[in-house]
Ligand code: I3S
């Protein structure tokens, strides 16, 4: 890829549209509020962008658009969480700071890819 030799910016690992809700902040439970988000995995961060109509995987780059929020994957925990929702294909991501997110897709293969890629990043960072 054109970016692979650029050591000044972390490599984009994956980007796409997922349904997302935050369910806890600092260990404190929040009311669910599902909404679609562009999710971008870059370096050890999972970055969320709000409006899927005005965002695309090519517009995530710094300066082009402002992320809604960003999650540090170092020390995070990932688990399937179909017990936490009536929706199918749900997994939960918990950060070291006690923030918890549910991520979901109607497409089985897509959610499995995301799970695997995020788990790969978490495992890789833990061993550093
Ligand atoms: O786990 P819950 O509380 O049943 O989650 C549902 C609610 O948050 C609901 O919102 P209101 O209680 O504000 O109406 C959402 O609309 C649902 O999507 C939530 O459940 P699912 O099963 O979709 O995660």
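The values are calculated or read from the model by the stated rules, or taken from the named source; none is laboratory data. Computed from a prediction, not measured in an experiment: that's the story for all the values here. Methodologically, a virtual Cβ is constructed for each residue, glycine included, from the backbone with ideal geometry; neighbour enumeration extends over all protein chains shown.
Tabulated results
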read-out: Of all residues in segment 21-42 being within 11 Å of the ligand (Cβ to nearest atom) and in a strand (DSSP E or B), the one that is farthest from residue 66 (Cα to Cα); value: 29
read-out: Count - residues of segment 87-107 that are within 12 Å of the ligand (Cβ to nearest atom) and either more than 19 Å from residue 42 (Cβ to Cβ) or exposed (fewer than 13 other Cβ atoms within 10 Å of the Cβ) (or both); value: 7
read-out: Segment 26-69: number of residues that are farther than 18 Å from residue 113 by Cα, at pLDDT 95 or above and touching a strand residue (DSSP E or B) at 6+ places or on another chain (Cβ under 8 Å); value: 5
read-out: Members of segment 71-86 that are part of a loop (DSSP other than H, G, I, E, B) and away from the ligand (no atom under 16 Å from the Cβ); value: 73, 74, 75, 76
read-out: Pairs with Cβ under 9 Å, 6+ apart, first in segment 74-88 and touching a residue at least 60 places away in the same chain (Cβ under 8 Å), second within 14 Å of the ligand (Cβ to nearest atom) and assigned to a strand (DSSP E or B); value: 84/23; 84/90; 84/92; 84/102; 87/19; 87/102; 87/104
read-out: Filter result for residue 110 (surrounded by 14 or more Cβ atoms within 10 Å (Cβ to Cβ), under 16 Å from residue 37 (Cα atoms) and more than 16 Å from the ligand (Cβ to nearest atom)); value: yes
